[in-house]
Amino acid sequence: MERDGELIAVLVHDPGLGDESPGLVEAVGSVATLALENERLSAQVRAQLEEVRASRGRIVEATDSERKRIERDLHDGAQQRLLALAVRLQTARVTGEGAGHLLDQATDELQIAVTEVRDIARGLHPTILSELGLGPALEALAERAAIPVRVHATERRYPTRIESAAYFVAAEALTNIVRHAAATAADITVTSDGDNLVIAIADDGAGGADAKGSGLRGLMDRVAAVGGILTVDSPLGRGTQLTATMPLR
Amino acid sequence: MTEPIRIVLAEDAVLFREAIAGSLGAAGFDVVGQAADPDTLARLVEAEHPDVAIVDVRMPPTYRTEGLEAAQRLRRQHPGLGILVLSQYLETRYAADLLRDNAAGIGYLLKDRVMRVADLADAVRRVAAGATVIDPELVARLLGRPRAHTPLDELTAREREILGLMAEGRSNRGIAEHLVLDPKTVEGHVTQIFAKLGLEPTSEVHRRVVAVITYLRSERD
């Protein structure tokens, strides 16, 4: 039995059967083909469902660990600093330490705390992304990168969830590049044919990125969540290119 | 004694606004009005004719960049008004947008600068006098941005330092004072820098800021 010209099953029967009732074998064959096709389709659906469940689980996990990281950053940073400052100010009240010096010190500490809180807030969502869109936000991201990054993007606006996903992919990709790729430069390119937005992040680093690694897995989930796909091209020694293709509708 | 500089302050966070108003008052400025939204700001500027408006980027109704747009509108309606924009985040794109039409009397500073009264007072005075003031952190980011080979590599450490001060809006005299150099020496450096970067020399400080910022932003190795 065949489907689309491909052999999918063999019906084994008594050779006499074909002679006695000519239509029977054919009828059994077509019913079996239908049953097989049904089974194949439902296996496919089961596998997709399994993947959706798994990615949903990973997204929840990623969200949890991200929240823990933010909690830790706030706790170890600004919170400690502010608390220590309050204690210091109260101690000074008791000991009558010189006010001028103390106030300068307090201002320095507060300045650092403010910077820490700002960096956390900007990491959660850069204002420029919602305000001016993907292109300008990517330019701002590139400006802060540790290696030269060229951005090829217009000022065109896309649906918010797509802009967010694309920005997230670019930001994560740049973090990975700086951390692992030993690259000297990177390019971010955004294109659109009206139906899809395609964002590609390419570097000239070591290549050999592990598509099964948790970092790329997370990006694939993020892109899949908006109905897109992420491909990884990372030949050893010839750089890495991540390409996310996301439907605009 | 000269008249104190008159300021209108627009910021929607009351706590923060009152604090700045207090500190500006203590520094000898006259805060003649406070606004929590762009419309009130516009009315106050009409009514009070201040020397300087200090405007927060993020204001109602959407808390995005209303303040920035309000600043640009005020700019068109009151060309003589000094405008100091304060922002929680520094984006070079916003600086470029603000400076585009006419950079004289425009400032763009990180909100944190208000913590140092002397820095804030200096910025207000410069903006009131028609100078351009760009936050040093933004300039440092632009200058420090990693690049492949660029004409910036040709600059000496001193020239780089002076380029940064130019981008912050300092005049040659200001740079000379800051670095404790002879103004003639600074002039020489400035000429060198413009030649090395292939920039059209300009004596007007605010035009120079725009030229340098544009150069640093557009420079893509």
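Reported count of residues in the stretch A:143-167, each being charged (D, E, K, R) and either closer than 22 Å to B:Ala95 by Cβ or within 13 Å of another protein chain (Cβ to nearest Cβ) (or both), is 5.
Checked against the criterion of being out of contact with any strand residue (DSSP E or B) (no Cβ under 7 Å at 6 or more places or on another chain), at pLDDT 90 or above and either part of a loop (DSSP other than H, G, I, E, B) or among the aliphatic types (A, V, I, L, M) (or both), the stretch B:43-57 contains one or more residues that satisfy it. Entry remark, the stretch B:53-67: residues being open to solvent by less than 30 Å² (accessible area, probe 1.4 Å) and either at positive phi or facing chain A (nearest Cβ under 9 Å) (or both) number 2 in total. The residues of the stretch A:226-249 that are open to solvent by 70 Å² or more (accessible area, probe 1.4 Å), in a loop (DSSP other than H, G, I, E, B) and over 15 Å from A:His180 (Cα atoms) amount to a single one, A:Arg249. Within the set B:Ala35, B:Ala42, B:Ala21, the sole residue that is free of Cβ contacts under 8 Å to residues at least 40 places away in the same chain, more than 14 Å from chain A (Cβ to nearest Cβ), more than 24 Å from B:Asp122 (Cβ to Cβ) and small (Gly, Ala, Ser) turns out to be B:Ala42.
Based on what the data block shows, is B:Ala71 modelled with pLDDT of 90 or more and either farther than 21 Å from B:Leu199 by Cβ or within 14 Å of chain A (Cβ to nearest Cβ) (or both)? Walk me through how you get there before you give the answer.
Numbers: modelled with pLDDT of 90 or more: yes; either farther than 21 Å from B:Leu199 by Cβ or within 14 Å of chain A (Cβ to nearest Cβ) (or both): yes.
Spelling it out, B:Ala71 is indeed modelled with pLDDT of 90 or more and either farther than 21 Å from B:Leu199 by Cβ or within 14 Å of chain A (Cβ to nearest Cβ) (or both).
For A:Ile177, the criteria (1) away from every other protein chain (no Cβ under 14 Å); (2) within 27 Å of A:Lys68 (Cα to Cα) hold in every case but one, which is (1). Being open to solvent by 40 Å² or more (accessible area, probe 1.4 Å), more than 10 Å from chain B (Cβ to nearest Cβ) and at positive phi, is that true of even one residue in the stretch A:185-200? No, the stretch A:185-200 has no match at all. A:Leu110 meets the stated requirement of being open to solvent by 50 Å² or more (accessible area, probe 1.4 Å), at the interface with chain B (Cβ under 8 Å from one of its Cβ atoms), farther than 30 Å from A:Thr191 by Cα and assigned to a helix (DSSP H, G or I).
Quick check: is even one residue across the stretch B:13-25 of a type outside the set (Val, Ile, Thr), part of a strand (DSSP E or B), on the phi < 0 side of the Ramachandran plot and buried (at least 16 other Cβ atoms within 10 Å of the Cβ)?
If we filter the stretch B:13-25 for residues that are of a type outside the set (Val, Ile, Thr), which is where we start, we get B:13, B:15-19, B:21-25.
Still in the list and also part of a strand (DSSP E or B): none.
No, every residue in the stretch B:13-25 fails to be of a type outside the set (Val, Ile, Thr), part of a strand (DSSP E or B), on the phi < 0 side of the Ramachandran plot and buried (at least 16 other Cβ atoms within 10 Å of the Cβ).
Annotation note: of A:Ala173, A:Ala209, A:Ala183, A:Ala200, the sole residue that is touching a strand residue (DSSP E or B) at 6+ places or on another chain (Cβ under 6 Å), in contact (Cβ under 8 Å) with a residue 40 or more places away in the chain, of a type outside the set (S, T, N, Q) and assigned to a loop (DSSP other than H, G, I, E, B) is A:Ala183.
For B:Gly80, the conditions (1) open to solvent by 50 Å² or more (accessible area, probe 1.4 Å); (2) assigned to a helix (DSSP H, G or I); (3) farther than 30 Å from B:Leu143 by Cβ all hold with the exception of (2). Taking (1) open to solvent by 10 Å² or more (accessible area, probe 1.4 Å); (2) of a type in the set (A, V, I, L, M); (3) more than 14 Å from every other protein chain (Cβ to nearest Cβ); (4) in a helix (DSSP H, G or I) in turn, B:Ala104 satisfies each apart from (4). Those helices (runs of 4 or more DSSP H) of the stretch A:6-100 in which at least 1 residues are among the β-branched types (Val, Ile, Thr) and surrounded by 12 or more Cβ atoms within 10 Å (Cβ to Cβ), considering only elements entirely within it, cover A:22-74.
Looking at the stretch A:207-215, is at least one residue at positive phi and either of a type in the set (Asp, Glu) or surrounded by 16 or more Cβ atoms within 10 Å (Cβ to Cβ) (or both)? Looking through the stretch A:207-215, at least one residue is at positive phi and either of a type in the set (Asp, Glu) or surrounded by 16 or more Cβ atoms within 10 Å (Cβ to Cβ) (or both).
Being more than 9 Å from the chain's Cα centre (by Cα) and away from chain A (no Cβ under 11 Å) is the filter; apply it to the stretch B:127-139 and report the residue that is surrounded by the most Cβ atoms within 10 Å (Cβ to Cβ). Result: B:Val139.
Within the stretch A:120-130, being open to solvent by 20 Å² or more (accessible area, probe 1.4 Å), within 10 Å of another protein chain (Cβ to nearest Cβ) and touching an Asp or Glu at 6+ places or on another chain (Cβ under 9 Å) holds for A:Thr127, A:Ser130. Among the numbered conditions (1) within 14 Å of chain A (Cβ to nearest Cβ); (2) of a type outside the set (Ser, Thr, Tyr); (3) surrounded by 21 or more Cβ atoms within 10 Å (Cβ to Cβ), the only one that B:Phe29 does not meet is (1). Restrict the check to the stretch A:159-166 and report whether at least one residue is surrounded by fewer than 14 Cβ atoms within 10 Å (Cβ to Cβ), touching a Pro at 6+ places or on another chain (Cβ under 9 Å) and either among the aliphatic types (A, V, I, L, M) or part of a loop (DSSP other than H, G, I, E, B) (or both). Within the stretch A:159-166, not a single residue is surrounded by fewer than 14 Cβ atoms within 10 Å (Cβ to Cβ), touching a Pro at 6+ places or on another chain (Cβ under 9 Å) and either among the aliphatic types (A, V, I, L, M) or part of a loop (DSSP other than H, G, I, E, B) (or both). Are any of the residues in the stretch B:150-163 within 23 Å of B:Thr185 (Cα to Cα), of a type in the set (A, V, I, L, M, F, W, C), touching a residue at least 60 places away in the same chain (Cβ under 8 Å) and more than 11 Å from every other protein chain (Cβ to nearest Cβ)? Checked against the condition, which is being within 23 Å of B:Thr185 (Cα to Cα), of a type in the set (A, V, I, L, M, F, W, C), touching a residue at least 60 places away in the same chain (Cβ under 8 Å) and more than 11 Å from every other protein chain (Cβ to nearest Cβ), the stretch B:150-163 yields at least one hit.
The values are calculated or read from the model by the stated rules, or taken from the named source; none is laboratory data. A quick note: this is a predicted structure, and the numbers were derived from the prediction, not measured. Note that each Cβ is placed from the backbone with ideal geometry, even for glycine, and that neighbours are counted across all protein chains shown. Heavy atoms of the whole protein, side chains included, go into the accessibility calculation; ligands, DNA and RNA do not. Shrake-Rupley method; radii C 1.70, N 1.55, O 1.52, S 1.80 Å.
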